[in-house]
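Take a look at the structure below.
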Amino acid sequence: MQYVWFVWSLIILVLWATIYLFKKNSRREMLKMSLITMPFGLTEPLFVPEYWLPPSLFDLAEKTSFDIESLIFSFAIGGIGAMLYNLIFNQSLMQLNHTERSHRRHRLHKYILFVPVVIFFVLAFFTPLNHIYCGIIALFIGGLSTLYCRPDLKRKIWIGGILFTILYFIYFGSILPFYPQYVELYWNLDNLTHILVLGIPIEELLFAFTFGMYWSGLYEHLYWRKPIKTQVHD
């Protein structure tokens, strides 16, 4: 059990590396979003042990509430979550023109980017909610807020959430046949709903959906881009 979380984080990193290797046109965007997302792995003390307490390299999670695996995991899902929709639907990105960028709804652009952070910390410090629910709510509201600035991303945001949930379901389930008691041992189920979907806590799937929602449109929102169908040349 000691190295399950480490192996798990490497599995998603290998998937990231595979996409990065074969999808040359998405490399810059993937790397940018992975580097932006990686520091969120440092929030692990907010979830350990209230949400879970997995064995980690050098017993860091137990000793410090930090772990190396969370940084690897966050790096990998950042790039994948931002680019998954584009990869599946063969989309490339182009810059928004000045007319589109000057629309009055973009006046709140910078503020809306911080909506999920503000929501998370308000819920985390002023409500008794487990922090995983704070994160789920914050990401969901962040996704909806993005729709105000970028209604053109509506399809990408909703379908992006579904796609990442499917991927995450497969990813999470990949380890359970080998360690069927892992969730019961290391998730603090007494603090959660106790709802499992084929052994996976419903909280994990809700996180996956809301993360996929928000992250699928985040690159375009940050860098003033919009997805277009990639042209195939003979």
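Taking label points 7 Å from Cα along the Cα-to-Cβ direction, Arg27 and Leu129 give a separation of 4.0 nm. Our estimate of slack between Ile202 and Leu176, defined as 0.36 nm per intervening residue step minus the Cα-Cα distance, is 7.9 nm. In terms of the mean number of neighbouring beta-carbon atoms within 10 Å, the peptides 131-142, 67-78 order highest first as 67-78, 131-142.
Rounded to whole numbers, the Karplus 3J(HN,Hα) couplings from phi for segment 37-47 are 7, 3, x, 5, x, 6, 7, 3, x, 6, 10 Hz, using 6.51 cos²θ - 1.76 cosθ + 1.60 with θ = phi - 60°, and x at Gly and Pro.
Taking the Cα centroid of segment 114-142 and of segment 155-234, what is the distance between the two, rounded to the nearest whole Å? Here the answer is 18 Å between Cα centres. A full extension of the chain between Ile195 and Ile166 corresponds to an added length of 8.7 nm, given 0.36 nm per residue minus the alpha carbon distance.
Any idea what diffusion coefficient the chain gets from Stokes-Einstein, in µm²/s, Kirkwood Rh on alpha carbon pairs, 4 °C, 1.567 mPa s? Walk me through the numbers on the way to the answer.
On the way: Rh = 18.5 Å.
Using the Kirkwood radius from Cα pairs, D works out to 70 µm²/s.
Readers should treat all values here as calculations from the given coordinates under stated rules, not as data from a laboratory. Here the structure is a predicted model, which is why all the values come from computation and not from measurement. So basically every Cβ, Gly included, is an ideal-geometry build from the backbone, and we count neighbours across all protein chains shown.
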